[in-house]
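Have a look at the structure below before the remarks.
Quick note: the coordinates plus some simple rules give every number you see, no bench work behind them. In this text the structure is predicted, and so the values were computed from the model without any measurement. Positions of Cβ are backbone-derived with ideal geometry, glycine not excepted, and every protein chain shown enters the neighbour counts.
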Amino acid sequence: MIIVLEGPDGSGKSTLSLQLEKDLGATLHRSPMLPSQEVFDFVTEEQEYHAERKELHIHDRVTWISELIYSRALDRPVRLNLNKFNHYLDLPQIVVYCAPTGINKMDVDVGFKAHKSKDHLDAVMRNHTKIINMYEGFMGSNSVKFTGYIRYNWKHKGAYRELLDYIRGITCVV
């Protein structure tokens, strides 16, 4: 099973992933930049493989969610095999939607995103509101399809403890 951290840039996914890795003892996987279709397909297959394992894995983004949002928001072709989309949604996964409530463009720390190109970050910054709106729409319409789903906002007191309790309740991780 995988714990998927999704949400727009600046919503706290990377910081949360490090804390969850420590507290749950799960293996963390960060999605790399996906420069080619071959790399994209490999990462998608790897994420699918981890979802089907008994071990708990944390993924800072998965291709079947973030690719749909970012490709459409940034007006680029979708690289995901859309014929398998429902299969991806049915995989054993807890989706932690790092909600954008209270974030703004200033929360997107460009220095922390050295693994992303300047052109990509510039496009994200220009389309940040559009990306947030697309995430809100996607999560609102698909959240019931996931094995588990929780909306998380790091700015709310007690949110992390609630998140840990929720994940442990589904995965039986102590």
Could you tell me which of the residues I3, I58 is in contact (Cβ under 8 Å) with a residue 12 or more places away in the chain and in contact with a Gly (Cβ under 9 Å, 6 or more places away or on another chain)?
I3
Quick one: in the stretch 121-148, which of the residues that are closer than 16 Å to S66 by Cβ and touching a strand residue (DSSP E or B) at 6+ places or on another chain (Cβ under 8 Å) is surrounded by the most Cβ atoms within 10 Å (Cβ to Cβ)?
Y135
